[in-house]
Amino acid sequence: MSDPQPTDASPTALRDLAARIAVDTGRRIQELRAQGVDVAASKSSITDVVTAADREAEALVVAAIRSARPEDGILGEEGAGIDGSSGITWVVDPIDGTVNYLYDLPVYTVSIAATVADPGAMADGRRAIAGAVYCPRLDELFDAADGAGARLNGHRIRVSGKRELATALVGTGFGYTVERRIEQAAMVSRLLPRARDIRRLGSAAYDLCSFAAGRLDAFFERGLQPWDYAAAALIVREAGGALLGRDDATPPGEPLLFAAAPELVGELRDVVLGTADAEPTGPERQRN
Ligand code: IPD
């Protein structure tokens, strides 16, 4: 067999590759879901599970990337760690929303991003130049390429542009350890009186894409990992959303990621962190 030919490394070509692999892998995890799912192991706590499908899906993604672009690195949630020589590292979550997958709730995704080193961009020091997030149960493919916009099933998407927190629908998520959840509960308790409402869909990649598509007005989470946000952060930026970290000196990612319209994201951060004035401006005040 001859060596694979190097493929086009333009952001749009990498996006199309990510999208193809995400859709193929998503269809496979659907088939596996239909056969039934068992927990294969736990990770950070008994609630942080991995299934055989997570592992098989990651192996499929790794094989497809290696076949198309053998010089690239790969970082995967389930342990893939391959150094590359091309400057591109693929960041992969084979199933984001594993608990939804376990319970057969529809919001779980395959998330694949092609990233380059960029120390100031995100907390992990990498920036996606192309990415795809595929939700097989809903047959929704979100994708983006650097400078080429964000799409849902091929159609351009934009954030809602909501500027007022009081009428903003805000997505969030929770980690798996008790200590992390205590912090997250405090954040939610500060935000809930100030916003329209909160949604916890169960896949951070899908949450961020929902924000990019105008289905949520904002999103934040404490403790996300690069595979949770790599592709979706690009999709958000290409859809006109703004991202912030814990403070202006800390890029978004771990420890904190906030996403909202540029005019709203600072206020969202202030309220979640408890550094805003304490007066509720949300539904509670409007009702009284
Ligand atoms: C989780 C999901 C969830 C988020 C967690 C993530 P996983 O990823 O994205 O929505 O709240 O922080 O760990 O474990 O399903 O791949």
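Among the candidates 82, 95, 46, 21, which residue alone is surrounded by fewer than 19 Cβ atoms within 10 Å (Cβ to Cβ) and in contact (Cβ under 8 Å) with a residue 12 or more places away in the chain?
Selected residue: 82, the only one of 82, 95, 46, 21 that is surrounded by fewer than 19 Cβ atoms within 10 Å (Cβ to Cβ) and in contact (Cβ under 8 Å) with a residue 12 or more places away in the chain.
Give me the strands (runs of 3 or more DSSP E) completely within the stretch 153-250, filtered to those with at least 2 residues that are assigned by TED's automatic domain parsing to the domain that holds residue 268, crowded, with 18+ Cβ neighbours inside 10 Å and β-branched (Val, Ile, Thr), ordered by residue number.
It comes to 169-172.
Quick one: in the stretch 134-150, of everything that is within 21 Å of residue 106 (Cα to Cα) and under 15 Å from the mean Cα position of the chain (by Cα), which residue is surrounded by the fewest Cβ atoms within 10 Å (Cβ to Cβ)?
140
Are there any strands (runs of 3 or more DSSP E) wholly within the stretch 23-135 with 2 or more residues that are more than 13 Å from the ligand (Cβ to nearest atom) and assigned by TED's automatic domain parsing to the domain that holds residue 146, and if so which?
73-76, 89-96, 109-117, 126-135
Going through the stretch 207-264 one residue at a time, which ones are away from the ligand (no atom under 12 Å from the Cβ) and of a type in the set (D, E, K, R)?
Listed by number, the residues that qualify are 215, 217, 237, 238, 246, 247, 248, 263.
Among the candidates 180, 163, single out the residue that is near the ligand (Cβ under 9 Å from one of its atoms) and basic (Lys, Arg).
The match here is 180.
Would you check which residues across the stretch 45-86 are of a type in the set (Lys, Arg) and either within 21 Å of residue 117 (Cα to Cα) or in contact with a Gly (Cβ under 7 Å, 6 or more places away or on another chain) (or both) and list them?
66, 69
Please enumerate the residues belonging to the stretch 251-270 that are part of a loop (DSSP other than H, G, I, E, B) and open to solvent by less than 40 Å² (accessible area, probe 1.4 Å).
Residues satisfying the conditions are 251, 252, 253, 255, 261, 264.
The values are calculated or read from the model by the stated rules, or taken from the named source; none is laboratory data. Note that the coordinates shown come from a computational prediction; the quantities given were computed from them, not determined experimentally. Virtual Cβ from ideal backbone geometry, glycine too; neighbours counted across all protein chains shown. Side chains included, ligands, DNA and RNA excluded: accessible areas come from the protein's heavy atoms. Shrake-Rupley method; radii C 1.70, N 1.55, O 1.52, S 1.80 Å.
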